[in-house]
1. For segment A:76-98, state whether one or more residues are over 30 Å from A:LEU134 (Cα atoms), without any contact (Cβ under 8 Å) to a residue 12 or more places away in the chain, out of contact with any Asp or Glu (no Cβ under 6 Å at 6 or more places or on another chain) and open to solvent by 60 Å² or more (accessible area, probe 1.4 Å).
2. Take C:LEU235 and tell me if it is in a helix (DSSP H, G or I), buried (at least 21 other Cβ atoms within 10 Å of the Cβ) and more than 12 Å from chain B (Cβ to nearest Cβ).
3. Look at segment A:21-51 and say how many of its residues are part of a strand (DSSP E or B) and either within 15 Å of A:VAL195 (Cα to Cα) or over 21 Å from the mean Cα position of the chain (by Cα) (or both).
4. Do we have C:LYS147 as out of contact with any Phe, Trp or Tyr (no Cβ under 8 Å at 6 or more places or on another chain), part of a helix (DSSP H, G or I) and surrounded by fewer than 18 Cβ atoms within 10 Å (Cβ to Cβ) here?
5. Search segment C:181-203 for residues that are surrounded by fewer than 20 Cβ atoms within 10 Å (Cβ to Cβ) and pair each with any residue that is at pLDDT 95 or above and charged (D, E, K, R) when their beta-carbon atoms are under 8 Å apart and the residues are at least 6 apart or on different chains.
6. Identify the residue in segment A:402-434 that is small (Gly, Ala, Ser) and surrounded by fewer than 23 Cβ atoms within 10 Å (Cβ to Cβ) and, among all such residues, is farthest from A:ILE283 (Cα to Cα).
7. Would it be correct to say that C:THR221 is among the β-branched types (Val, Ile, Thr) and modelled with pLDDT under 90?
8. For segment B:177-195, which residues satisfy the criterion of being surrounded by fewer than 18 Cβ atoms within 10 Å (Cβ to Cβ) and either within 10 Å of chain A (Cβ to nearest Cβ) or farther than 19 Å from B:SER274 by Cβ (or both)?
Amino acid sequence: MVTESVIRAEGIVKHYGPVKALQGVSFELRKGEVHALLGHNGAGKSTLVKTLTGSVQPDEGQLFLDGEAVTISSPHEAQLNGISWVDQELTLIPNLSIEDNIALGGMEKTFLAQRKQHRPRVRQLLDQIGLGHLSPTQEVGTLSIGERQLLEITRAFGRNSKIVILDEPTATLSDFEIERVFAAIREVTAEGVSVIYVSHRLEEIIQICDRATIMRDGQVVTTQEIAGLDKSGLVNLMVGQLPEFAEVASSAKEGGSGDFEITNLTINDFVRDVAFGAKGGEIFGLAGQLGSGASLILRALAGLEPKSSGRVVLSGKQFRLGSTLRARKAGVYFVSNDRKGEGLFLSYTNSKNLTATRLPILAKASIVSRSVLKKSAQQLMQLSGVDISRRKMTVDSLSGGNQQKIFIGRNLNHPKMKLLLLDEPTRGVDVKGRAEIHQLIREASASGIGVIFSSTELDEIMELSDTIGIMHKGKLVNVEARSNTNAAKVFSEMVRELEPEGMKA
Amino acid sequence: MTVISPVAADSKSLGSLVKKVSLVQVAAVLVAAILIIFGVITNNFFTLSTFQGILNTSGIIAIVSIGVTFMTLSGNLFTLSASVTVLVLGQAFLELVHLGPFPAILIILVMGAIIFGLQGWLVGRLGANVIIITVAAGFLQQGVAEYLSGSNPSILAPAGITSYLWMRNTYGGILFSVWAMFGIVILGELFLRRTVAGRQIYLVGENRAAARTAGINVKRVTIIAFIAAGICIAFAATLQAAYTQNVYSQGPYTFDAIVAVLIGGTSVLGGKGSLIRTVFGALVVSYLSQMMIMRGYNPPTQIFVQGLLLFGVVVVMQLSERGRN
Amino acid sequence: MGSLAGKNKLRVLRQWRDLPQVAAVVVMFAFFWIITEANGTTPFSGANVANSLNYFGEYGLFALALGITMILGEFDISTLGTFALGGMIAIKLGGSNPWLGALIAIACCAAFGLAQGYIIAKFKMNSMTVTVGGYLITLGLCGAIGKNTQGSLLNANVPPFLQQNIATVFSPMSLFVFALFAIAGVTLRYTSMGRKFLAMGGARKSSRAIGLPVNRYVTLTFMLSAALASLSGVLYSYSTATSLVDPGLQPFLFVVTAVLVGGVGLSGGRGTPFGIACGAVTLSFLYGVFMTTAATPNISDTVYGCLLLVVAIWSAPSLKEWLGSFTAHPIFRRDQETKVAA
């Protein structure tokens, strides 16, 4: 049986400075297949996808469309070549209707909007994806996140493309909605469309994909047919990519100011009834994939989520959620995952950033003295591990790793801090920086405060946590001491592979 | 999706940093050159009395501009009703001056703080648009001003009271208002650099979301910035009333202040700039006005030139700050 | 001619979302009626309405100009300047030929708007601050032209022509403005151009991501706002046979209130020309009230200021949250602890 390849990449190499994002990757997508793209963060999946969608130009290598060599130099060209994609950046316009959004995604060039003419087609697309209960004239702003995600996918399918790339399409979807996506995928591939499915979720990949390509460190490790693959085999393949974890000797935790207990935590009707606690001096790691709710929990504890409720007791005192001021007062300090948007003052110097959030403490009667600020900045700079000579440099001139260190360093040695929350503490940070940041976090924890961090990266969870809590679709699935579990178990619970065979602890 | 960030990226921005600095510096040198050249070719321009005149006319407008600067630094653009507040509070001052200059000044300062503080609350707590709120507040104040002046088109200084006239004298050839300006700049800069609230004004202006996440009370800081503005503008009102002895029409303060703040180099996006820069901007505005007057330009032409200068400065500043939201 | 404007208005009326705007018009009209009856010696008549609608004719397009920039998510303060400048140029040049004078005025201002818009679009600038500079430039030009040339050369026939009575309540000026509003409304609602426009206003970043030509639209919108504002200024000057050297902030107050009452949000992507027209008509009736009662400026200014303040607060993003925070206070909350079943 001859299977034609719709798009083929051969020997793709891409460097970002000294970092080798792709080191000679070859990949092939057959007509009408659903092809999974797997790999841990940093494996090169997103870079590969970007070369296919025209966002990024490869340094070496060649792309072939239907057997012909092509260069895709822009996203627009990719679209012209019949490639559509849906990624994390939702590009729907909330103040426009569903049919208007679908029309905008298309390439028609008519003067009049012609909504009535296109409405039947819109209804058909909505039915296909299970959104038939929605009216095409409804404003997208009134849709839930799940419905919007389904709409984005529908729009991509509705463009009559040959190739559709879905990047973590189900992160925000309910089980029912995921089934609808699968149904739409099956319909569309039956008509000859090919789908690349980038995801961490093994149970979905097993259900819907025909083949899977696993990447690691910028290279393709293997491409396999799903059908013949053992369920646990796939898990092992994924987990097997991780290095051995050194046993970090954890001393007995005495507890301290950072003892906390959380019960009945509910956020946005998505995270429900989460309960966990730890003693000061322990590092609690919340493991969960994108959209599992781990990040939401941290934000809610920091007071950034108005629709959150629950009982939080920190250091013996309860405080009410929903206000950043109350959280701060209670001693909760938050390092968000968006250091540029929500964390650092980019055009200010490092010293200024370090002392920015502790001015009330450094001040006497609301007056700050220069020398006190300078001393504090120097001290924090040293603690952060960023070279002191860079005190006067602006933060935006630092690398991602150093920026993150400043961001975290700002919260160190804070007399009023009782609980430190870190959301993706090493996002966008290289290996060396990551190790240094982990050390920072351990030092912070050693002072007796509570530390909760969330991460989508398994190795970070295993390296840093004393206790691991696993989140899946808004529920806290399991809480285990690090010493009682292993990487494979944690991973399978993150991806909710029930009854993993042959993987007892 | 996560992107692998390059390891040694610290030096990469150095090149673009050099470019950024150059653009603003080049523009500043260019403007300075034009101003100096025009000054040279204008008869009798570079004399001591001219510069004295420039300094003296800049006093009150500089104080208003300093007030507006607090708003700009906190990320709240500027007010479109500074002139009206100066008018209304000037009238009120003349009505109250019989109580003695210092009590009257104090009351006016408090009134200014309240007028601006209320606007600050609407902007800071409710998130209302600052331009629209200040326009609306302006018309409310205008209504009050018109009521106060009643059938008289002007409020004349109360006869026989001279206790406050020292406010319009010169000391060492320089008007009291200019000395006051220096004093206010020093106090204001101390406030901005040495107090928690002052430093937080900068932080809120630089990155509001980051400030909020870091636990800074953004609403309170906004109100404080507005109150600082109100106090400055109120003080300018007392000086104006003392100087002109009657208060019947709005001065050019609103837009002159905006021009002074932006020309001085304070960023319209917030978080960057200083009161000293604003004083410098006010002096440039004054220099320009004086020069245009001596060259015989009529007022609308002066406005036109001011507009060109402002437009150019705003464009250059925003260009050099690309990347900030 | 009246039926055409009326028909288009009817078609657009079908949108439920503009109901509050229509209600505002009705309420203000009723208020106007009552005050006029109570106050005047002559009973309320169509002439009163026509006089009020003169304000609509003079300021309406100015409101539309500002409004379309706000729907796009921008804010064009320089429209106040081009409003004055348009009228000034037309009056000074339109002595012998009012049409030519109007045309030149609009063309000059449109050219200015195009240049301003290009700079804003290309360098992705904050339009609120750039247009302050534009305002000063156009205001300065306006004053310079005004001071340097003789008084009004306008043909004496023009004002009465614009204001003549049609169907008791309309005039050529107001009908013309209604017609332009109708065209704007239809274009925004029924063309793909209008759809893209709304997209760019509501979600700028996403619009760029899906490949919409944002820069082009921003540039052309600022050109259009300058043209409409100057046309409004022309109508104002021709109708009142005066030219404004410096209009002050009064017209700005009218249009900002009209636009906000009209349902245009400050964040972009929301609002319709129909809504803006309703807002402008509402404000016109309010002005009419003050005209018939011969109110002194202190009263009218205070009322205008209050109205704008109320509307600004109404449009404030955190208003709901602030109101909600009262009910969230601990004394109102029930204890949220639930007993977990053993």
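1. Among the residues of segment A:76-98, not one is over 30 Å from A:LEU134 (Cα atoms), without any contact (Cβ under 8 Å) to a residue 12 or more places away in the chain, out of contact with any Asp or Glu (no Cβ under 6 Å at 6 or more places or on another chain) and open to solvent by 60 Å² or more (accessible area, probe 1.4 Å), which makes the answer no.
2. Judged against the criteria, C:LEU235 is a match.
3. So the answer is 13.
4. Details: out of contact with any Phe, Trp or Tyr (no Cβ under 8 Å at 6 or more places or on another chain): yes; part of a helix (DSSP H, G or I): yes; surrounded by fewer than 18 Cβ atoms within 10 Å (Cβ to Cβ): yes.
Against the criterion (out of contact with any Phe, Trp or Tyr (no Cβ under 8 Å at 6 or more places or on another chain), part of a helix (DSSP H, G or I) and surrounded by fewer than 18 Cβ atoms within 10 Å (Cβ to Cβ)), C:LYS147 qualifies.
5. Once the first residue is surrounded by fewer than 20 Cβ atoms within 10 Å (Cβ to Cβ) and sits in segment C:181-203, no partner that is at pLDDT 95 or above and charged (D, E, K, R) comes close enough.
6. Residues of segment A:402-434 that are small (Gly, Ala, Ser), as a first pass: A:409, A:428, A:433.
After this cut, where a residue has to be surrounded by fewer than 23 Cβ atoms within 10 Å (Cβ to Cβ) as well, the list is A:428, A:433.
On the way: A:GLY428: 21, A:GLY433: 19 Å.
My answer is A:GLY428.
7. Numbers: among the β-branched types (Val, Ile, Thr): yes; modelled with pLDDT under 90: no.
No: the conditions fail for C:THR221.
8. Across segment B:177-195, the qualifying residues are B:TRP179, B:LEU190, B:ARG193, B:ARG194.
The values are calculated or read from the model by the stated rules, or taken from the named source; none is laboratory data. Every value quoted in this text rests on a predicted model; they were computed, and no experiment measured them. FYI the Cβ positions are ideal-geometry reconstructions off the backbone, even for glycines, and counts take in every protein chain you see. Note: accessible area is taken over every heavy atom of the protein model, side chains too, but ligands, DNA and RNA are not part of it. Shrake-Rupley method; radii C 1.70, N 1.55, O 1.52, S 1.80 Å.
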